[in-house]
Amino acid sequence: MFKSSWLPLAPALGEVLLLNKASNAERRQLVVGNWKMNGNLQQNAALLAKVAAGWQGEHNADVVICPPFPYLMHTNSLLSGSSVLLGAQTVSENDQGAYTGEISCPMLADLNCKFVIIGHNERRRMQGETDEQVARQFVAVHRAGLIPILCVGESLKDREQGRQLETISRQLNAVFAHTGKDVFKNAVLAYEPVWAVGTGKTATPEQAEEVHRFMRAQLGGLASEVRILYGGSVKSHNAQQLFALPDIDGALLGGASLDADEFLAICKAAD
Ligand code: PGA
C-alpha cells in the first residue's frame with residue numbers, strides 16, 4: 001500500500017529514499033516489530049521460521065524485526081532469504097570507547113541492522129533518556145547510515161490536559177535543533193501515545209490522525225516524504241482502520257510482533 005499525503009508535494013530532491021521505492025509523493029507502508037525483552041533461542045527460531053516463510057519476495061510494504069541485542073545475529077541468519085529487515089531497539093550515542101554495557105551504531109551496522117528505534121517511551125521513562133540524549137542518538141544513527149525510528153508521544157496526563165501537541169513538538173524540536181530537518185528524509189517517525197502502549201487502549205482514528213497530521217506539518221518541505229508510524233496496542237483487528245488514515249504509514253508493534261500469525265496479518269494489512 002502506498003500513501004500520498006494531503007500536503008502539497010515537496011520539491012523533488014533528486015535523491016531516492018533509502019528502502020523507499022515510491023516517488024516523493026508516495027510512501028511505502030512500514031511495519032516494525034519491537035520484541036522488547038522477550039524471547040529465547042528456541043522461541044525466536046520458531047517465530048522467525050513462520051515470519052520468514054510468510055514474508056518472501058516482493059511486497060508493497062517493508063517489514064522490520066527488532067529483537068533484543070543478544071539475538072541480532074541469530075535473527076539475521078534466520079531471516080536470510082526472506083524480505084524481513086533487521087533493526088535494533090536502542091543504541092548508544094557514542095561510536096566506541098569505554099562505555100560498559102553499551103552497543104554502538106557501527107556494531108549494529110556490522111550485524112546487518114538497517115533500522116534503530118530511538119526515544120521509545122519505555123526508555124525515556126525507565127532509563128531516564130532525555131530529549132537531548134535522544135537527539136544525540138539520532139545523530140549517531142544517521143552518521144552510521146542507519147535509519148532512525150524516532151518515537152514521540154504524550155503521557156496520559158498530557159492528553160488529559162490537552163497538551164499532546166505541545167509534548168510532541170518539544171520532542172521533535174529537540175532533534176531538529178541538533179540536525180535540522182533535511183536529515184529526516186532518511187528517517188522514520190513513530191507516534192506512540194504512552195497511555196496506549198501495552199495497555200490494549202488504542203488511540204481513536206481521530207486522535208491518531210490529529211497528531212500524525214501535526215507531525216507531518218512540522219517536517220516542512222519533507223512533509224509528504226517521511227513515513228510516520230502509529231504505535232500503541234495495534235492488533236490485526238484494528239490495523240486496517242489505522243492504515244487507511246491518510247497520514248499513518250504503518251505501525252510500530254510490541255505485543256503483536258510476538259505472535260507470527262498476528263504479526264503477518266498486520267503486515268498483510270499494510271501491503
Ligand atoms: P504494544 O507496544 O503494541 O504492545 O502496545 C508498542 C510499542 O511499544 O512500540
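Spot the failing condition for Gly57; the list is (1) in a helix (DSSP H, G or I); (2) over 17 Å from the mean Cα position of the chain (by Cα); (3) not β-branched (Val, Ile, Thr), and only one is missed.
(1)
The conditions are (1) open to solvent by less than 60 Å² (accessible area, probe 1.4 Å); (2) in a loop (DSSP other than H, G, I, E, B), and Thr75 fails exactly one of them. Which is it?
(2)
Hey, among Leu189, Leu172, which residue is within 19 Å of Pro246 (Cβ to Cβ), buried (at least 19 other Cβ atoms within 10 Å of the Cβ) and touching a strand residue (DSSP E or B) at 6+ places or on another chain (Cβ under 7 Å)? Even if it seems obvious, please write down each step before you answer.
Values: Leu172 fails: within 19 Å of Pro246 (Cβ to Cβ).
Residue meeting the stated conditions: Leu189.
Which count do you get for residues in the range 99-124 that are closer than 17 Å to Leu85 by Cβ and within 14 Å of the ligand (Cβ to nearest atom)?
Number of matching residues: 4.
So which residues in the range 137-157 are surrounded by 19 or more Cβ atoms within 10 Å (Cβ to Cβ), more than 14 Å from the ligand (Cβ to nearest atom) and not in a loop (DSSP other than H, G, I, E, B)?
Those that are surrounded by 19 or more Cβ atoms within 10 Å (Cβ to Cβ), more than 14 Å from the ligand (Cβ to nearest atom) and not in a loop (DSSP other than H, G, I, E, B): Gln137, Phe138, Ala140, Val141, His142, Ile147, Pro148.
Could you grab the pairs with beta carbons closer than 8 Å, sequence gap of 6+ or different chains, first residue in the range 193-207 and in contact (Cβ under 8 Å) with a residue 60 or more places away in the chain, second one more than 11 Å from the ligand (Cβ to nearest atom) and open to solvent by 30 Å² or more (accessible area, probe 1.4 Å)?
Matching pairs, first to second residue: Val194/Arg125; Val194/Ser155; Val194/Leu156.
The values are calculated or read from the model by the stated rules, or taken from the named source; none is laboratory data. What you see is a predicted model, and the numbers here were worked out from it, not measured in a lab. Cβ sites come from the backbone with ideal geometry, for glycine too, and all protein chains shown count toward neighbours. For the accessible areas, the whole protein counts, side chains as well, though only heavy atoms, and no ligand, DNA or RNA atoms are used. Shrake-Rupley method; radii C 1.70, N 1.55, O 1.52, S 1.80 Å.
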